1. If I filter segment A:230-238 for residues that are under 30 Å from A:Pro553 (Cβ atoms) and under 13 Å from the mean Cα position of the chain (by Cα), do I get at least one hit?
2. Looking at this structure, is A:Gln121 in contact with a Leu (Cβ under 6 Å, 6 or more places away or on another chain) and farther than 30 Å from A:Val208 by Cβ?
3. Can you find a residue that is modelled with pLDDT under 85, part of a helix (DSSP H, G or I) and either in the same structural domain as A:Arg446 (by TED's automatic domain parsing) or buried (at least 16 other Cβ atoms within 10 Å of the Cβ) (or both) anywhere in segment A:153-172?
4. I need a count of the residues in segment A:417-434 that are among the β-branched types (Val, Ile, Thr) and either under 16 Å from A:Tyr402 (Cα atoms) or not in a helix (DSSP H, G or I) (or both).
5. Report yes if some residue within segment A:246-256 is buried (at least 17 other Cβ atoms within 10 Å of the Cβ), more than 23 Å from A:Asp301 (Cβ to Cβ) and of a type outside the set (Ser, Thr, Tyr); otherwise report no.
6. Taking segment A:82-132, which residues are more than 14 Å from every other protein chain (Cβ to nearest Cβ) and touching a helix residue (DSSP H, G or I) at 6+ places or on another chain (Cβ under 7 Å)?
7. Any chance you could count how many residues in segment B:44-54 are out of contact with any strand residue (DSSP E or B) (no Cβ under 8 Å at 6 or more places or on another chain) and either within 7 Å of chain A (Cβ to nearest Cβ) or among the small types (Gly, Ala, Ser) (or both)?
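The values are calculated or read from the model by the stated rules, or taken from the named source; none is laboratory data. Keep in mind it's a predicted model, so treat the numbers as computed, not measured. Cβ sites come from the backbone with ideal geometry, for glycine too, and all protein chains shown count toward neighbours.
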Amino acid sequence: MATAQRIDDNPCRPRHFKPPPPCAPVVADERANQVLETCRTRLVATAALFAVVFLVVVLRLSEIVLLSGGSAESHIGRLPPAAPPPPARADIVDRNGALLATMLPKPSLFVNSKALIAAGQNPDEAAYELASVLSDKSPGEIRARLVSGKSFVYLQRSLTPRQQYAVNRLGIPGLDFTPEERRFYPYGDLASHVVGYCGIDNEGLAGVERGLDAAAKGHRQPIELSLDARVQFILREELLKVIKDFSAKGAAGIIMDVRTGEIVAMVSLPDFDPNKPGDTDASQSPADAKERIFNKVTLGDYEMGSVFKIFNTAMALDSGVTSLTKGYDASHPIQIGRFTIEDYHGKHRWLSVPEIFMYSSNIGSAKMAVDAGADRQRSFLARLGLLQPVPVEIDEVAKPHYPAVWRPVNVMTIAYGHGIAVTPLHVITAVSAIVNGGVLHPPTLRKLPSGAVPPGEQVMSPKTSEQMRKLMRLVVEFGTAKMAAAPGYVVGGKTGTAEKNSGGRYLEKKLLSSFIGAFPMHDPRYAILALVDEPHGTKQSFGYATAGWTVAPATSRIIQRIAPILGVAPIDEASPAVTQALTIESLQGKRIESY
Amino acid sequence: MIRLASLFWLALVAVTGFATFKVKYAVQDIEDALNKVRRHTVAEQQEIHILRAEWTSLNQPERLADLNRRLLSLAALAPKQLQRKIADIPLRPVPEPAEPLIASAPEPTAPQPAAADVHAPADTVMPVAAAAALHPAMAKIQLIATAEAAPAVIAPATSKQTSGKPEPKAQLAKAGAARQPRPLDRLISEIAESR
């Protein structure tokens with residue numbers, strides 16, 4: 001009875017479970033009701049709990065399925081990436097996409113000695129085999145590491161891909177690699193001073209590697225330089241030849257696009273291999289590492305000599321103190337203080353402005369500068385950027401040296417390039433502005449989009465620029481730079497042979513011969529500067545070590561080789577298009593003394 | 001009735017379960033394949049990168065110059081080998097001023113009718129120049145072939161245009177049949193035809 005009563009009361013009773021027939025009418029007493037109530041409450045509570053849990057599940061499910069941010073995406077995230085991880089440093093390429101610097105996997109080889117011994121490998125055999133792959137280690141040395149009993153011993157750092165392949169092929173157990181990356185410069189010393197080099201932790205230490213370190217670090221996008229590796233090679237090769245022919249100490253050269261300021265080639269010799277910058281390879285040149293790493297183009301402050309007559313003449317013409325028809329008496333040397341200003345190729349007569357420029361007369365130039373005055377000279381040089389460091393992408397730039405107080409004697413010597421020291425990059429940047437119509441573009445090592453002309457500053461009138469083009473052409477046609485002529489390419493320029501200043505004294509035997517030019521002169525496209533440090537005269541040059549005999553012929557060869565690469569078409573130099581653009585009316589009909 | 005419904009649901013559960021697992025395994029297979037492809041891609045890209053570095057280092061200008069010296073001995077390009085524009089390149093040389101039309105008159109393969117004889121030289125200039133522009137190799141052949149003779153050619157070519165007008169048709173036809181086409185002529189007409 002009691003059992004039946006309990007079953008009947010149970011609300012969870014299955015439907016088919018029939019209660020036994022009641023023996024007596026059920027009396028709904030107070031107690032039974034209470035029990036029933038408790039049961040219901042418990043049931044509701046349990047159901048509510050389940051409902052909440054299910055609701056959570058439903059919400060989470062709908063979040064996953066309907067809304068984004070579900071596990072599906074994170075699942076795809078677990079897949080291996082479709083591209084290799086970004087390199088530690090971006091590649092550096094030239095203007096045509098040739099690799100100048102890249103990261104290469106240079107794994108390091110280590111041995112787990114325990115695993116090697118456990119695998120039953122004969123260490124003598126393994127050491128002998130490994131020694132044939134790892135060039136610079138003896139079998140005994142390798143064997144000692146193989147049987148050291150340690151679980152991690154480096155066998156060799158920075159393996160080449162070929163070595164890694166060979167080690168893998170040996171199939172010796174217990175050997176493994178740690179992945180590492182190293183900077184690699186496929187062209188070696190070709191553009192060492194421009195590209196620079198990196199330290200052991202792949203941090204930029206020189207050149208573009210240092211100057212554009214932020215753009216290189218961790219980026220995939222390669223850095224495009226304005227350099228052209230082919231032009232760079234030709235410039236370097238010809239300069240090396242000059243050094244060899246004239247037993248010179250060094251040389252430097254730059255080629256610049258005068259319309260944009262892009263540096264197409266930049267060489268400083270002697271140079272170094274950025275793959276091993278500290279290495280002194282005595283077989284190539286006796287110069288030490290420090291001297292090789294020194295970038296003459298941007299760090300070398302030189303008194304450039306007669307090359308400065310370009311700036312002096314442009315200044316005098318632009319300020320209107322003289323014109324192509326005027327002239328100065330250059331028959332007697334100028335005596336000022338303890339200085340005597342003389343002419344190297346003296347004509348001892350009155351010279352017109354074109355003649356002063358063509359024959360490179362110091363006396364005439366000095367008088368021209370005095371006519372213009374110190375203020376004009378100084379502000380003109382400042383406008384050309386010759387009194388500040390050059391703004392370029394590399395950090396190794398030198399400050400120009402010039403007198404703090406611009407005295408009359410300084411005015412005279414600066415007229416022909418003494419008493420002021422600037423870098424070759426200063427000179428080519430300023431000359432580019434002089435020949436391109438008077439617009440100064442800051443030099444750049446980064447490639448500009450083709451056809452883009454960067455903003456520039458008009459530093460002189462286009463008329464002065466035109467007159468300077470004529471004068472520079474005259475120097476190559478009849479003056480000191482006849483050997484720089486390259487038939488078909490209408491070269492114009494100016495030579496400079498300066499005596500090097502050492503401790504306040506000029507050394508007669510230590511010359512700095514340079515040529516700065518542009519081509520084609522009727523519509524200049526490229527400027528070129530070549531400089532040779534301490535050349536010595538040879539039999540072929542009749543003992544001369546001056547610019548006309550050393551760098552001028554080299555420039556001619558360089559231009560003839562690079563013009564087809566740079567897309568400069570040859571033109572008939574006697575054609576009206578050229579002669580009309582470059583004839584100086586005041587000289588017409590006059591006999592030009594051949595220098 | 002209840003039995004049937006239960007059976008239906010049971011079947012549905014079985015089918016759904018089967019389908020789910022089927023899809024799951026299919027997706028897993030695809031994922032495995034994707035993984036494999038991705039790993040391969042990365043490996044290939046890394047290899048391409050290394051090969052590119054090697055290729056560049058093999059292309060060091062210094063090395064190429066050395067190879068050229070030893071194996072090819074090609075000389076540097078001289079300015080006289082360069083013409084300014086494609087239009088400046090004269091056509092093939094015309095032998096005598098007496099029969100300039102004949103030399104440049106197209107062979108039977110060319111679609112030029114004989115009636116247009118007077119303007120024939122002027123007209124043939126265009127397709128040839130265009131063909132040369134389209135075929136750089138062709139242009140180079142032309143360039144080298146004509147560069148040396150360039151100054152000599154321009155004079156007869158211009159005099160021909162003024163003096164060639166009253167040329168009789170009969171002479172053109174006769175001489176045209178007698179002349180054999182030179183290889184360069186045939187090449188040019190072939191290129192013109194292929195367009």
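1. Pass one, segment A:230-238, residues under 30 Å from A:Pro553 (Cβ atoms): A:230-238.
This time we only want the ones that are under 13 Å from the mean Cα position of the chain (by Cα), so: A:232.
Checked against the condition, which is being under 30 Å from A:Pro553 (Cβ atoms) and under 13 Å from the mean Cα position of the chain (by Cα), segment A:230-238 yields at least one hit.
2. Values: in contact with a Leu (Cβ under 6 Å, 6 or more places away or on another chain): no; farther than 30 Å from A:Val208 by Cβ: yes.
When the stated conditions are applied, A:Gln121 does not pass them.
3. Yes, some residue in segment A:153-172 is modelled with pLDDT under 85, part of a helix (DSSP H, G or I) and either in the same structural domain as A:Arg446 (by TED's automatic domain parsing) or buried (at least 16 other Cβ atoms within 10 Å of the Cβ) (or both).
4. Initial filter on segment A:417-434 (among the β-branched types (Val, Ile, Thr)): A:420, A:422-423, A:427-429, A:431, A:434.
Retained after the next criterion (residues that are either under 16 Å from A:Tyr402 (Cα atoms) or not in a helix (DSSP H, G or I) (or both)): A:420, A:422-423, A:427.
Qualifying residue count for the region: 4.
5. Checked segment A:246-256: no residue is buried (at least 17 other Cβ atoms within 10 Å of the Cβ), more than 23 Å from A:Asp301 (Cβ to Cβ) and of a type outside the set (Ser, Thr, Tyr).
6. Quick first cut of segment A:82-132, residues more than 14 Å from every other protein chain (Cβ to nearest Cβ) only: A:95, A:108-132.
The answer is A:Leu109, A:Val111, A:Ser113, A:Leu116, A:Pro123, A:Asp124, A:Ala126, A:Ala127, A:Tyr128, A:Glu129, A:Leu130, A:Ala131.
7. We begin by selecting, within segment B:44-54, every residue out of contact with any strand residue (DSSP E or B) (no Cβ under 8 Å at 6 or more places or on another chain); these are B:44-45, B:47-48, B:51, B:54.
Subset that is either within 7 Å of chain A (Cβ to nearest Cβ) or among the small types (Gly, Ala, Ser) (or both): B:45.
So the answer is 1.
Conditions tested, residue by residue: (1) closer than 28 Å to A:Tyr187 by Cα; (2) within 7 Å of chain A (Cβ to nearest Cβ); (3) not in a helix (DSSP H, G or I).
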residue	(1), (2), (3)
B:Lys22	no, no, no
B:Tyr25	no, no, no
B:Gln28	no, no, no
B:Asp32	no, no, no
B:Asn35	no, yes, no
B:Arg38	no, yes, no
B:Val42	yes, yes, no
B:Thr56	yes, yes, no
B:Arg69	yes, no, no
